[in-house]
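The values are calculated or read from the model by the stated rules, or taken from the named source; none is laboratory data. The structure presented is a predicted model; accordingly, all values stated were derived computationally and were not measured. No Cβ is skipped: glycine too gets one built from the backbone with ideal geometry, and neighbour counts run over all protein chains shown.
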Amino acid sequence: MSVWIEVKAHLAAAPLDWSAWDEIFADHGVNGTVQTDEPPTLSGYIAPGSEHLKENLKTKLLEFGAQEVTESEVPEVDWAEAWKQFFVPRRVGKRFMVVPSWTEFEPEPGDLVITLDPGQAFGTGDHPTSRGCLELLEREGAEGKDIADIGCGSGILSVGAGLLGAKSIVGVDTEQVSVASSQENLERNGISGTIYHGAGFEPLPADDSYDLVLSNIISAALIGIAHDAAKRVRLGGAWIISGIIESNWPDVLDKATRCGFTLVDSIQEGDWVAARLRK
C-alpha cells in the first residue's frame, strides 16, 4: 500500500489570510491543504515518490514563521477518504447546491446541482471565497454569455456558469491537477468547456473577449491581471472577483477602478470579500 507523508505546520495564531502559507505548499508540489483554526495548523500531503520534497518544505515553513513542523505517514486509502467527511452538500445562494460526486442527493425544484469531485484542486464551496463568487454569479446570470474562469481550481464556477446557461466556457489554471479536475467536473455535469494550463489570460487566444470573467484568486494576482481583464471584458460585461482578504480590498478596488471597472456590489463573509465589477 502506498504511503503519503502529512506535513503539518503548527502556528502561533491563525492568520487572517492563509494564502501565503498555501503557496509554500504549492511551491513544493502540494496542491490542496487542510487547515484548523484551533489550534492553528495547516497540513499538506506529499505523494509517494515525492518524499524528497519534504525537507525543503519543512525548512520553508519554519523560515516563514511556523513554530513547529511535524510529519507523519498516512496510508493512501486513509488519505484519499479522510477529507471527504468534511465535504457535504451545501446550498450556496438561492439556487446552487454543491454536492460531492459520491453522495446521494435529492434536489428541490429549481435547484442547480453542481456535482463535484475536487480531487487535489481548490474549490468545494466550503470556503467564503467560492461561496461569494457563486452568489455573485447567480446575481449576474450567465445565460447566452461567453465566460472565462481565470484560476479555475476545481471548476466549480465554470460548472455554475454552465448550469446558468453560458454560451461558451474557457478556464485557466497554473496547476495541472486543477486543469484536469476542472475538465473532469465540467464533463461530470454535462457542461462543455475547455480548460487551459497557464497563468492569467496568457493561454487564451489574444483577440478573444468575454461577457463575464470569474477570478477567485489571491489579491496580488487580481491586481496583476486587472489591466488584462479590462481588455478582455466586453463593454457592459462583468468581472467577478474573490479571494480578497478584507485588508487588501481597498488596493484591489483601486486598481480595478483605475483600469475602467465600476463596483456593482460586494459580499463580505468573515474577513473575505467578493465583488462584482462592471466594465
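Here the condition is being more than 30 Å from GLY29 (Cβ to Cβ), modelled with pLDDT under 95 and of a type in the set (A, V, I, L, M); of ALA238, ALA206, ALA230, it holds for ALA206 alone. Listed by first and then second residue, the pairs linking a residue in segment 148-160 that is under 16 Å from PRO203 (Cβ atoms) to a residue that is in a loop (DSSP other than H, G, I, E, B) and hydrophobic (A, V, I, L, M, F, W, C), with Cβ atoms under 6 Å apart and 6 or more places separating them unless they lie on different chains, are GLY151/ILE217; GLY153/ALA121; GLY153/PHE122; SER158/CYS152. In segment 233-259, which residues are of a type in the set (D, E, K, R) and either free of Cβ contacts under 8 Å to residues at least 12 places away in the same chain or over 20 Å from TRP272 (Cβ atoms) (or both)? Across segment 233-259, the qualifying residues are ARG234, ASP254, ARG258.
Would it be correct to say that PHE96 is modelled with pLDDT of 85 or more and outside the structural domain of TRP249 (by TED's automatic domain parsing)? Here the answer is no, as PHE96 does not meet what is asked.
Determine whether ARG258 is surrounded by fewer than 21 Cβ atoms within 10 Å (Cβ to Cβ) and of a type in the set (Lys, Arg).
yes
Determine whether GLY243 is surrounded by fewer than 21 Cβ atoms within 10 Å (Cβ to Cβ) and small (Gly, Ala, Ser). So GLY243 fails the test.
The residues in segment 136-172 that are of a type outside the set (Ser, Thr, Tyr), in a helix (DSSP H, G or I) and under 15 Å from ASN185 (Cβ atoms) can be counted, and the count is 7.
Residues that are without any contact (Cβ under 8 Å) to a residue 60 or more places away in the chain and of a type in the set (Phe, Trp, Tyr) were ranked within segment 1-50; the one that is nearest to GLU269 (Cα to Cα) is TRP18.
When VAL92 is tested against (1) in contact (Cβ under 8 Å) with a residue 60 or more places away in the chain; (2) crowded, with 22+ Cβ neighbours inside 10 Å; (3) touching a Gly at 6+ places or on another chain (Cβ under 7 Å); (4) not hydroxyl-bearing (Ser, Thr, Tyr), only condition (1) is not met.
Quick one: is SER247 at negative phi, in contact with a strand residue (DSSP E or B) (Cβ under 6 Å, 6 or more places away or on another chain) and not aromatic (Phe, Trp, Tyr)? So SER247 fails the test.
Residues in segment 6-65 that are on the phi > 0 side of the Ramachandran plot and modelled with pLDDT under 80: 3 in all. Looking at the structure I just gave you, is GLU184 assigned to a loop (DSSP other than H, G, I, E, B) and among the charged types (D, E, K, R)? Criteria not met by GLU184. Annotation: PHE105 fulfils all but one of (1) at pLDDT below 85; (2) within 14 Å of the chain's Cα centre (by Cα); the unmet one is (2).
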